[in-house]
Amino acid sequence: MILAGDTMNDANQSPLPPGTDGKPIVVQADIVRAFQAVDIRPGDILLIHSSLKSFGYVVGGALAVIEAAKEAVTEKGTVVFPTLVQKDFAHAYQNWHKDTSPSDVGLISETFRLLADSVRSDQATHSVAAWGRQADELTGEHSAYGPRMGTFGDYCFSWSSPWQKMYLYGARICFVGVDTRSNTFKHFVEYCLVEKLCHAIQDPWQRCRALSEIKRHNVPGVWPYLDSARADEVLIRHGLITQSTCGGATFTSFKADDFYRVIFPLVEQNPEGWTNQAFVDWFHKYIVRRPSDA
């Protein structure tokens, strides 16, 4: 990495554009080293949440970040970006098209989606695009089987989804210049939590009532949105988060299976402090009654 105004020694690099003064200048090799510093290894499945502008100025732009990720995992690995639909969320299921619906989560994600060697999963709200050895396996059956009911729809975090498979494979999640409030994987944990709690209700009438109160796509209800900051604190305490910097960007990384293994039981046993009051009230109404409710 160099700072704008320093001499650039690589004769193959293009002159810097106006407006870079004072910004860190990052090249692909810097980004590879940052990925490696947060334990990205050849053969990994790497899920990336990203902000291009967080670096400062990246020589080669979004493509340099993408190529750095591929270099870090090598041809033995797989690179994944979320390609979520957010701007048209209310009409996502009516307007969705796998090939033309843009990713609303950053320039790097959208650039990656459009590459000829990227493949995208077919799901209206929480699709991913992938490259590499397991790209087809991860993306190929997003809405095929095993629905889980929830706030974004029933197949976004289904048993057939990339999110389920990334959990099972222990994918490494890396936040590049964004904080962990961008952690889409936490919604997979929320879906699994609601599924398990509802299945534990033995009385069929009670289960019907409980399910009817769960938030669905465009249908109001309760939902256990997880506290990302508290999850970070727990993961740090367990030594499961690694961090590095590249230019102005902080890289933060942890494994999907570690996140689930540590966070899920804590929320399941005691949703107070992890979710919102409406969900806590639902939990005590249908799952674990308070002594005052008996």
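The values are calculated or read from the model by the stated rules, or taken from the named source; none is laboratory data. What you see is a predicted model; the values in this text were computed from it and never measured. Note: ideal-geometry Cβ built from the backbone for every residue, glycine included; neighbour counts use all protein chains shown.
With in contact with a helix residue (DSSP H, G or I) (Cβ under 7 Å, 6 or more places away or on another chain) and over 20 Å from Gly177 (Cβ atoms) as the only criterion, which of Trp159, Trp96, Trp131 stands out?
Going through Trp159, Trp96, Trp131 in turn, the sole match is Trp131.
Does the stretch 269-286 include one or more residues that are in contact with a strand residue (DSSP E or B) (Cβ under 7 Å, 6 or more places away or on another chain), more than 22 Å from Ser50 (Cβ to Cβ) and either buried (at least 19 other Cβ atoms within 10 Å of the Cβ) or not small (Gly, Ala, Ser) (or both)?
Yes; the residues of the stretch 269-286 include at least one that is in contact with a strand residue (DSSP E or B) (Cβ under 7 Å, 6 or more places away or on another chain), more than 22 Å from Ser50 (Cβ to Cβ) and either buried (at least 19 other Cβ atoms within 10 Å of the Cβ) or not small (Gly, Ala, Ser) (or both).
Trp159 falls short of the stated requirement of being surrounded by 18 or more Cβ atoms within 10 Å (Cβ to Cβ) and farther than 18 Å from Thr252 by Cβ.
Restricted to the stretch 1-93, the set of strands (runs of 3 or more DSSP E) holding at least 1 residues that are at pLDDT below 95 and either more than 24 Å from the chain's Cα centre (by Cα) or among the basic types (Lys, Arg) (or both) comprises 24-26. Among Arg172, Arg230, Arg148, which is the only one that is buried (at least 20 other Cβ atoms within 10 Å of the Cβ), at negative phi and touching a Phe, Trp or Tyr at 6+ places or on another chain (Cβ under 7 Å)? Going through Arg172, Arg230, Arg148 in turn, just one is buried (at least 20 other Cβ atoms within 10 Å of the Cβ), at negative phi and touching a Phe, Trp or Tyr at 6+ places or on another chain (Cβ under 7 Å): Arg148.
Mind listing just one residue for me: the one in the stretch 228-279 that is charged (D, E, K, R) and outside any helix (DSSP H, G or I) and, of those, nearest to Ala64 (Cα to Cα)?
Looking at residues that are charged (D, E, K, R) and outside any helix (DSSP H, G or I), I get Lys255.
Do we find a residue being at pLDDT 95 or above, hydrophobic (A, V, I, L, M, F, W, C), over 25 Å from Trp159 (Cα atoms) and out of contact with any Leu (no Cβ under 8 Å at 6 or more places or on another chain) anywhere in the stretch 194-208? Yes, the stretch 194-208 contains at least one residue that is at pLDDT 95 or above, hydrophobic (A, V, I, L, M, F, W, C), over 25 Å from Trp159 (Cα atoms) and out of contact with any Leu (no Cβ under 8 Å at 6 or more places or on another chain).
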